[in-house]
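The values are calculated or read from the model by the stated rules, or taken from the named source; none is laboratory data. These figures come from a predicted structure and were not determined experimentally. So basically every Cβ, Gly included, is an ideal-geometry build from the backbone, and we count neighbours across all protein chains shown.
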């Protein structure tokens, strides 16, 4: 479903297929303590592993991994993964590089671009995600873009000795289409 790896252009960001040229940015992203907390990432990842990871994403037609670029600088990634082709559903994951990328509208525009691509260029019907309850900024953006809260995974993350819930959210093609028409 994602054999084509498009470049998507917005006013603030350009989304392009990830490759080894973005490994330094990815390493900065996955090493940032705040990004690790927001994504619930406990482990450490080597440069070598990241290089291999980004070098092989183009080979996978069941996922779409895009670098978020602002003024030709890597500021994050956005991914459609966990494809369920039979049910025309997948997961969305996004991470920005940290404080220098937060609050600038990069994430909002990246999600808008990916949703527009997914719901106009593929047969996808449903895009879901999970977000920790303490990540109010992200929850606000997802709701603004049409994602609906569907449930809660209780105590799904243990961080610094405390348990945190994850909110499950999704947007459906007809909801996205109705929202897009109302904004036009």
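Worth a mention:
- Scanning the range 59-72 for residues that are out of contact with any strand residue (DSSP E or B) (no Cβ under 6 Å at 6 or more places or on another chain) and either surrounded by 18 or more Cβ atoms within 10 Å (Cβ to Cβ) or in contact (Cβ under 8 Å) with a residue 40 or more places away in the chain (or both) gives 60, 61, 70.
- When residue 13 is tested against (1) closer than 23 Å to residue 123 by Cα; (2) in contact with a strand residue (DSSP E or B) (Cβ under 7 Å, 6 or more places away or on another chain); (3) modelled with pLDDT of 95 or more, only condition (1) is not met.
- Residue ranges of helices (runs of 4 or more DSSP H) in the range 90-184 with at least 1 members surrounded by 14 or more Cβ atoms within 10 Å (Cβ to Cβ), in contact with a strand residue (DSSP E or B) (Cβ under 6 Å, 6 or more places away or on another chain) and in contact (Cβ under 8 Å) with a residue 60 or more places away in the chain: 106-121, 136-144
- Within the range 1-28, being out of contact with any helix residue (DSSP H, G or I) (no Cβ under 6 Å at 6 or more places or on another chain), more than 27 Å from residue 119 (Cα to Cα) and buried (at least 18 other Cβ atoms within 10 Å of the Cβ) holds for one residue alone: 25.
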